[in-house]
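The values are calculated or read from the model by the stated rules, or taken from the named source; none is laboratory data. Just so it is clear, the model here is predicted, and its values are computed rather than measured. As a convention, Cβ positions derive from the backbone with ideal geometry for all residues, glycine included, and neighbour counts pool all protein chains shown. Areas reflect the complete protein model, heavy atoms only, side chains present, ligands, DNA and RNA absent. Shrake-Rupley method; radii C 1.70, N 1.55, O 1.52, S 1.80 Å.
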Amino acid sequence: MQSTSIFNLFVQRSAGDYYFDSIADLQAGNAQRLRYTNAVPSLNPAYAAAQFKYQSLAFGVQDIWRVSDIFTLSYGARYDLYAGDSRPALNTNFVSRFGFPNTAYISGRGVFQPRIGFDFKPATGVTVRGGVGIFSGGSPDVYVSNSFSNTGFLSNSIDVRQNNNGTSYIVPGQTGAAANATGSAILTGVNGTTIPSAANTVLAGGSSSATAPTNALAPNFKLPSQWRATLSADYDSDLGGFLGGGWHFGADLLYSKVRDQVYFTDIRSVPTALTTPDGRTRYASLTTFADTNQDILLTNTSKGRGYIAVARFEKNFDIGVNIGASYTYQNVKDATPATSSTAGSNYGNGAFFDASGAAYGVSNDEVRHFIKYNVTFDHAFFGDYKTVFSIFGETRIGKPYSYTMQDISSGRSAIFGNVGTGSRYLLYVPTSTTDALVSYDSATTQTYLDNLIKSTGLGKYRGKIAPRNGFNSPWFTRVDLHLSQEVPTGFGNSRIMLFADIENFTNLLNKNWGQVREYSFPYTIPAVRVQCLQTAVATGTAPTAAQVTGTTSQACTQYRYSSPSVTPDQQNVISSRPSLYTIRIGARFTF
């Protein structure tokens with residue numbers, strides 16, 4: 001049994017997060033947006049810290065049965081259980097919205113994990129191993145912490161914005177002249193050292209607190225677990241002749257299937273009967289369309305699976321040379337990248353089909369093709385003082401990424417109806433430049449997108465929605481070098497090993513070698529900016545205000561594409577850290 005106590009003071013934007021349209025606005029202290037979170041009513045972030053305890057208990061039994069000299073069977077089961085009396089603070093507004101409390105906790109939840117494995121040696125030098133079972137594990141601290149940090153009761157978040165006209169404002173819980181007066185007081189005269197009193201008044205206001213963002217664990221949440229099956233074979237061989245002995249060959253297969261995985265969804269955004277031009281469901285807020293807060297529910301998905309295959313070999317030569325190589329193939333899909341520490345980021349950082357949550361598709365971490373190779377020379381030229389020279393290399397395909405479209409709406413998406421995912425919506429790929437579902441702000445944008453489709457592989461998805469992570473950054477190769485030499489000290493058997501490691505050695509030789517060029521996290525690449533039109537408008541003709549879709553209660557008949565702020569080719573940049581060489585020199589004394 002293990003007991004864990006958590007105090008996690010992670011209150012985002014407790015000092016305010018301002019946005020300015022320009023350097024001139026920054027210099028003048030005229031902001032266009034403020035996002036601000038704090039404890040209420042104390043305005044002391046420490047009072048909104050996550051504090052909780054839990055106990056993890058593990059029970060297990062295992063037996064090994066030696067069926068014969070060549071076959072061994074192992075089998076058993078494990079049960080992991082969580083206990084604890086901590087609970088998030090009850091938010092009655094959350095209960096009113098959804099009919100269940102935000103106080104669910106991991107206490108009393110467990111997972112049963114039966115497993116069986118075997119070891120088979122049918123011939124000299126041949127070993128076959130395998131197994132199948134249910135696996136779980138890992139610390140739930142971060143996921144559980146979100147429910148305690150964002151109860152919507154101990155803290156509140158506000159998002160105050162200036163509209164594009166520069167004179168009207170959006171303020172939670174206020175409208176008309178009151179919103180404009182308050183918004184101006186909050187966003188004008190910003191000095192960056194204090195939070196305006198008007199912002200604190202809004203934060204603590206009753207109407208604002210009623211819609212405070214909340215994170216919660218689903219009442220029927222299940223601990224993550226998956227099925228895994230493995231099969232490995234190893235063969236030690238003497239090939240005779242010139243090739244000789246000392247060869248080792250191996251192969252591995254891994255299959256995994258999600259039983260229950262975490263999934264993040266904003267339950268404040270609910271589906272409507274309206275759809276986008278390509279048939280995707282649109283959503284609306286349970287409160288008001290101007291509400292930019294979320295209720296992120298941590299629930300489960302059963303989607304996700306992986307196929308991984310490895311082929312490998314090693315060879316040891318009598319002269320002190322060792323060589324080896326392996327090839328790994330991966331085909332992994334999931335529905336939850338889960339790459340962040342907060343519920344909002346975990347929800348928002350995936351590529352979205354619609355507003356419900358991250359789309360099912362290729363995993364962010366999949367490396368479809370991965371080749372590794374090494375050569376080592378190990379020899380004592382004098383006495384038993386070794387000289388070692390090693391080269392380690394890898395060649396692999398780049399990270400996967402998704403082509404998306406960026407909703408130009410401010411606040412809640414007028415197309416899909418959610419918040420926090422403006423550049424994450426998977427791209428609808430037009431059938432041609434005359435696709436009736438799409439019009440363009442200009443012929444230039446029309447030509448740009450058509451050329452992008454033809455040059456990137458998007459063409460095979462014409463008339464469809466581009467898949468999540470259906471594309472990969474360029475292949476790259478990296479080579480590391482290790483050198484070491486043992487030298488005597490003159491004191492007994494003691495010696496000093498001098499060594500040097502050069503990581504990304506080829507980059508030392510040529511600055512253009514060993515570079516990792518890829519799209520950055522979260523691997524969603526806006527190909528166009530998009531808005532919805534209530535009625536079709538010809539390319540190059542500016543729609544009227546009445547023709548533009550302003551909320552998800554209005555029709556979305558046609559996508560209107562405009563050029564992205566940054567084109568995809570400009571986003572494919574060199575990753576500085578893995579692209580640089582590193583030299584490490586040292587000495588080790590042994591006696």
Give the calculated FRET efficiency between Y327 and H379 to the nearest 0.05, with a Förster radius of 25 Å applied to their Cβ-Cβ distance.
0.30
Along the Cα→Cβ direction, 7 angstrom out, place labels at A229 and A28. What is the inter-label distance in nm?
6.7
If the reach is capped at under 25 angstrom between alpha carbons, list the lysines near K315, excluding any in the same chain fewer than eight residues apart.
K121, K372, K386
The chain: calculated mean residue ellipticity at 222 nm from DSSP helix runs of at least 4, using -39500 (n - 2.57):
-3500 deg cm²/dmol
Accessible area in the full protein assembly, largest first, 1.4 Å probe, for E503, E486, E366
E503, E486, E366
Taking only Cα atoms of the chain, what ratio of Rg to Rh do you get with Rh as the Kirkwood inverse-distance radius?
1.04
Taking segment 196-349, the whole-percent share of alpha-carbon pairs separated by over 20 angstrom is 70
Whole number in Å², please: accessible area per residue of segment 108-234, 1.4 Å probe, ligands, DNA and RNA not counted.
44
Once you have the Cα-Cα distance between I116 and W65, take 0.36 nm times their residue separation minus that, and quote the gain in nm to one decimal.
17.3 nm
Relative contact order of the chain, defined on C-alpha pairs under 8 angstrom at six or more residues apart (%)
10
Return a whole-number percent for the relative contact order of segment 246-310, with Cα pairs under 8 Å and 6 or more residues apart as the contact set.
50
I need the calculated FRET efficiency for the pair S42 and L286, taking r as the beta carbon distance and R₀ as 30 Å, to the nearest 0.05.
0.60
Can you grab the distance from the C-alpha centre of segment 170-215 to the C-alpha centre of segment 513-566, Å, no decimals?
30
When ligands, DNA and RNA are left out and all protein chains stay put, how many square angstrom of accessible area per residue does segment 268-363 have with a 1.4 Å probe?
38
Could you state the angle between the C-alpha long axis of helix 176-187 and the longest principal axis of the C-alpha atoms of the chain, as a value from 0 to 90 degrees rounded to the nearest 10?
50
Stokes-Einstein diffusion coefficient for segment 337-456 at 37 °C in a medium of 0.692 mPa s, Rh from the Kirkwood formula over Cα pairs: what value in µm²/s?
175
Rounded, prolate or oblate (a/c below 1.5 giving rounded, otherwise prolate when a/b exceeds b/c) for segment 302-366 by Cα gyration tensor
prolate
Contour minus Cα-Cα distance for F135 and A436 (0.36 nm per residue)
103.4 nm
Quick check on segment 164-257: what does the Kirkwood estimate of hydrodynamic radius come out to from the alpha carbon pairs, in Å?
20.4
Using alpha carbon centroids, what distance separates segment 244-275 and segment 88-132, in Å?
14
For segment 1-124, I need the span (max minus min coordinate) of the C-alpha atoms along each principal axis, in Å, sorted largest to smallest.
83, 39, 28
For segment 195-257, give the percent of accessible area contributed by carbon and sulfur heavy atoms, probe 1.4 Å, rounded to a whole number.
64
Contact order normalised by length for segment 35-191, with contacts defined as Cα pairs under 8 Å and 6 or more residues apart; what percent is it?
23
Checked against the positive end of the charge dipole of the chain (+1 on Cβ of Lys and Arg, -1 on Cβ of Asp and Glu, about the Cα centre), the farthest of N102, F370, P467 is N102
If I stretch the segment between M1 and V573 completely, what's the gain in nm (0.36 nm per residue apart, minus their alpha carbon distance), one decimal?
201.2 nm
Calculate the FRET efficiency for N451 and F491 from the Cβ-Cβ distance with a Förster distance of 60 Å, rounded to the nearest 0.05.
0.25
Looking at A233, S74, P114, which one has the Cα that reaches farthest to the positive end of the dipole of the chain (charges on Cβ: Lys, Arg +1; Asp, Glu -1)?
P114
Between the modelled labels at F389 and Y307 (7 Å from Cα along Cα→Cβ) the distance in nm is 4.3
With no solvent and one point on each alpha carbon, what is the Debye value of log10 I(q)/I(0) for segment 450-518 at q = 0.14, 0.16, 0.18, 0.19 Å⁻¹?
-0.69, -0.77, -0.83, -0.85
Sort 557-566, 519-528 by packing, meaning the average of other beta carbons within 10 Å per residue, with the highest value first.
519-528, 557-566
